[in-house]
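One structure is given here, and the rest of the page talks about it.
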Amino acid sequence: MAIFSLNHSFIGRSKHPPRAASFYARYISRPEACTQLTGERMPTERQELMAWLDEQEQGDRKNARVIDKVIVALPIELSHEDNAKLLHDFCDRMTEGRASWVAAIHDGPGDADNPHAHIIFRDRDPDTDKRVMLTTEKGSTGRLREGWEQEVNIALERAGLDISVDRRSLEEQGIDREPQIHVGAAAMELGRKNYEFESNQKEVTRIISGEPTTVTINYPAIDQGRTRFDENEERIARNRARELPANAEDADWTHRGGMVAQQWSAISWVHKANERAELLYERMSNGQTTDDADPADARLVREHMTDRAVERVNKEARRETTDSKAEIWESRMSDMGRAMRETMEQQRERDHEQGLEIDR
């Protein structure tokens, strides 16, 4: 689904080391990530672009803003060509066809789920050397956001898509959902591998009341021991919980996304399955009828009440049809789910020893 995302920052001579602008251009145009470098009134060849930015920087006054950096999320529904046109229309609109710009499109295999573009604006008319975009003025980021929203929606409508983006916050839109936070591809991969991130304080430059101001961000206090990956997964889980219907516990947990959401769903599913298995086993042990259980249920109960339960179900499930509840369980339960099931059974045994009964 197309999302709205625009981040605006800048590189200035007094705030950044020499050649910071050209080094940034080298980074965003690296061949392994950049699928196209497009622009107007600015070189679109990598080495030429870096040399041009160095030349512009050397001609600026000591406290000048060299470039503005804008990162935008590209609509995943649009083709590469449509997104390239979208970027061209947006940049020409914001520069009024006068200031210089270049955009690096990142929509290759590594960014298939997160197509985006890095835009460099040089707020100078090459002919008059006058400012055009007024990016140092208060409200400049708001103008960029408004322009991007409008151009994205024009592009989506042009493509015949009945969807749109909205630059307003979820609260302003009246949507009861927590906003997700951006997690880069590298951080996502490290998060999946349980990499231990470190939080440190960091000084950054922010535009406050139209003026660049250095502020210190206390990331350890903000993170509270969680990574951006963890926090985002938890927000996804909480949002999905809001959307679940009243009978959500009967839903197939494998259809829900997000690591935390799947863990929560697996626990609920396993707990319910254990209660059902215990109830059926008790009925069968007492010679009672189990009208609501099919043969697969009965066999499942007997198998799961032995020390080698999981192994036997594995063997049986591979030979059963997909209609068997045993196979559905085995084929969709992950190693995590099975481990949780064992934990729940151990807890049930402890409860039984203490004389606690499960409310049926």
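Values quoted throughout were computed directly from the atomic coordinates according to the rules given, and no laboratory measurement underlies them. Note that the coordinates shown come from a computational prediction; the quantities given were computed from them, not determined experimentally. Please note: Cβ atoms are built from the backbone with ideal geometry, for glycine as well, and neighbour counts cover all protein chains shown.
Plainly put, segment 82-157 has a radius of gyration that is 1.01 times its Kirkwood radius, both from alpha-carbon atoms, as the Rg/Rh ratio. The alpha carbons of segment 10-60 stretch over 32, 21, 16 Å along the principal axes, in descending order.
Remark: segment 26-127 is approximated by an ellipsoid whose semi-axes, taken from the C-alpha gyration tensor as √(5λ), come to 25, 15, 11 Å, largest first.
Taking a Cβ cut-off of under 13 Å around Asp60, the surrounding Lys, Arg, Asp and Glu residues balance to a net charge of +4, with basic ones at +1 and acidic ones at -1.
The slack between Ala64 and Lys193, meaning 0.36 nm per residue of separation minus the straight C-alpha distance, is 42.2 nm. When Rg and the Kirkwood radius Rh are both evaluated on Cα atoms of segment 63-108, their ratio Rg/Rh stands at 1.02.
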